[in-house]
1. Please give me, ordered by residue number, the trypsin sites (Lys or Arg not before Pro) of segment 83-157 that lie in loop per DSSP and have at most 16 other Cβ atoms within 10 Å.
2. G40: net charge of surrounding residues, Cβ under 14 Å, Lys/Arg +1, Asp/Glu -1, itself excluded?
3. Return one whole number: the accessible area per residue of segment 14-157 in Å², for a 1.4 Å probe.
4. Using Cα atoms only, what is the angle between the long axis of helix 2-16 and the major principal axis of the chain, expressed in degrees (0 to 90) to the nearest 10?
5. Can you give the FRET efficiency for M136 and E37, using 1/(1 + (r/R0)^6), R0 = 22 Å, r = Cβ-Cβ distance, to the nearest 0.05?
6. Please compute the contact order of the chain in relative form: average sequence separation of alpha-carbon pairs under 8 Å and at least six residues apart, divided by the residue count, as a percent.
7. Within straight cross-link reach of K31, meaning Cα distance under 19 Å, which lysines are found once same-chain residues fewer than 8 apart are removed?
8. Among the aspartates and glutamates, select those whose C-alpha is under 15 Å from the C-alpha of K25, and discard any that sit fewer than 8 residues away in the same chain.
Amino acid sequence: MRILGLLLGILLLAGCAEKTPTPEKFQFTAKTLEGAEFRGDKLVGQPAVLWFWTPWCPACNAEAETVEAVAKKHGKVQFVGVAAEDQLDAMKKFVSDHRMSAFPHLADLDGAVWRRFGVTAQPAFAFVGTDGSVEMLTGSPTEEQLNQRVSSLVPKT
């Protein structure tokens, strides 16, 4: 009984410990292309990939199907598209034309999310570790390179 009480006390103390603050990069709220609210802090603590794109970018258009396929393959990793530098209708058309339904896309109409992550050119990727670390990549990785980067985000169990 004493051990049970000790364990309960430890669990209670652990529950009272302060949570690690959300890194500033993830302290944002944005709208998806459909108008739903998306909170960046929901990405903290899980592996994630943010793909920064524009509808008029030739490289973004060329890699859209690859990004969609990689997102579908890696169900344990949260993908988020972050569209900017164009109008909402063009963003929606891009997603529709490329049949991108595996993950949400944000309408970063004012570029605020891009600025948070220091994105100045597209396409770009932010690879987010479960510890909140962020590794940026500007440019278009091959499908194999993207698969490797995404696989490395999932902790080995």
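1. Values: sites: K92, K93, R99, R115, R116, R149, K156; in loops: R99, K156.
For trypsin sites (Lys or Arg not before Pro) across segment 83-157 that sit outside H, G, I, E and B with at most 16 neighbouring Cβ atoms in 10 Å, the list reads R99, K156.
2. Result for the neighbourhood of G40: +2.
3. Ligands and nucleic acids excluded, the result is 54 Å² per residue.
4. Compared with the principal axis, the helix lies near 40 degrees.
5. 0.30
6. Values: 246 pairs, mean separation 41.5, N = 157.
It rounds to 26 percent for the chain.
7. K42, K92, K93
8. Partners within reach: D41, D108, D131, E135.
The values are calculated or read from the model by the stated rules, or taken from the named source; none is laboratory data. Since this is a predicted model, take the numbers as computed values, not measurements. Glycine gets a Cβ as well: all are built from the backbone with ideal geometry, and neighbour counts include every protein chain shown. Surface accessibility is based on the protein's heavy atoms, side chains included, excluding ligands, DNA and RNA. Shrake-Rupley method; radii C 1.70, N 1.55, O 1.52, S 1.80 Å.
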